[in-house]
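Each value in this text was obtained by applying a stated rule to the coordinates, not by laboratory testing. As the structure is a computational prediction, the values presented were derived from the model and not from experiment. With ideal geometry, Cβ positions are generated from the backbone for all residues, glycine too; neighbour counts draw on all protein chains shown.
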Amino acid sequence: MKERERTFIMVKPDAVQRGLVGNIITRFEQKGFKLVALKMVQADEELLRQHYKDLVSKPFFPSLMSYMTSGPVVPMVWEGDGVVKAGRTILGATKPSESAPGTVRGDYAIDVGRNVCHGSDAVETAVREISLWFPEGVTKWDSHSESWIYE
Ligand code: UDP
Ligand code: MG
């Protein structure tokens, strides 16, 4: 089966605590994207520092670190045509005050510092984030829905 575009989606600690893991997964599943990796981890600062390497000099970086290490996260890899851009659309704008209703952040978040989910912002970013969070690699499997989702 053809290998399609991949993105890195991560349920953040607030969403794990609030019982939103299933809801977020469902949105990607029902769209037709294929789940190829998923786990629960307590991330350490070193990993998060690499993940958010472009933000280390931002004033909110220390609070971002304490937020992201405050509990377990659920990193995942989703596969499908256009999944990077679609993933960002499903999540909504970074600031929940600007996220449309119907998006994950629009429906479940108020504060930018508790915005419930991460999604890669570009295909190259996704490649980097997937290898950072899943050095063990992702699963290969054939979805029986393939021909019902793609022409
Ligand atoms: N963030 C924050 N305050 C800000 C901007 C960002 O706390 O003013 C946090 C927020 O959790 C965001 C993360 O830093 O999701 C990464 O920021 P980025 O600009 O990459 O947004 P994203 O790609 O997550 O939408
Ligand atoms: Mg980002």
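Measure nothing fancy, just the Cα-based angle from helix 21-31's long axis to the longest principal axis of the chain, in degrees from 0 to 90, nearest 10.
Roughly 40 degrees between the two axes.
Explain nothing, just the number: relative contact order of the stretch 1-78, from Cα pairs under 8 Å at least 6 residues apart, as a whole percent. Provide the component values of the computation, followed by the final result.
Numbers: 84 pairs, mean separation 43.6, N = 78.
Averaging sequence separation for qualifying contacts and normalising by length gives 56 percent for the stretch 1-78.
Arrange the following residues from fewest to most other Cβ atoms within 10 Å of their Cβ: 97, 120, 143, 57.
57, 97, 143, 120
Quick one: what do you get for the chain if you divide its Cα Rg by 2.2 N^0.38 Å?
In units of the 2.2 N^0.38 Å rule of thumb, it is 1.02.
Please get the size of the charge dipole for the stretch 66-151, origin at its Cα centre, with Cβ charges of +1 on Lys and Arg and -1 on Asp and Glu, quoted in debye to the nearest 20.
Magnitude of the dipole: close to 360 debye.
Could you give the dipole magnitude of the chain about its Cα centre, charging the beta-carbon of Lys and Arg +1 and that of Asp and Glu -1, in debye to the nearest 20?
Its charge dipole is roughly 260 debye.
Count the lysine pairs in the stretch 2-151 whose Cα atoms sit under 23 Å apart, keeping only pairs 8 or more residues apart in sequence or on different chains.
Count of close lysine pairs: 24.
How high is the relative contact order of the chain, given as a whole-number percent (alpha carbon pairs under 8 Å, six or more residues apart)?
Working: 237 pairs, mean separation 52.0, N = 151.
Once normalised by length, the contact order is 34 percent.
Could you tell me which of 74, 104, 22 has its Cα farthest along the dipole of the chain towards the positive end, charges placed at Cβ (Lys, Arg +1; Asp, Glu -1), taken about the Cα centre?
Farthest towards the positive end: 104.
Run the dipole for the stretch 14-57 about the Cα centre, Lys and Arg Cβ at +1, Asp and Glu Cβ at -1, nothing else charged, and hand back the magnitude in debye, nearest 20.
Computed about the Cα centre, the dipole is about 300 debye.
Quick check on the chain: helices-only [θ] at 222 nm, where DSSP H runs of length 4 and up contribute -39,500 (n - 2.57) each and the sum goes over total residues. Nearest 500, please.
-10500 deg cm²/dmol
Along the stretch 131-136, what does the Karplus equation 6.51 cos²θ - 1.76 cosθ + 1.60 (θ = phi - 60°) give for ³J(HN,Hα), rounded to whole Hz, x for Gly and Pro?
Result, rounded to whole Hz: 6, 5, 8, 10, x, 6.
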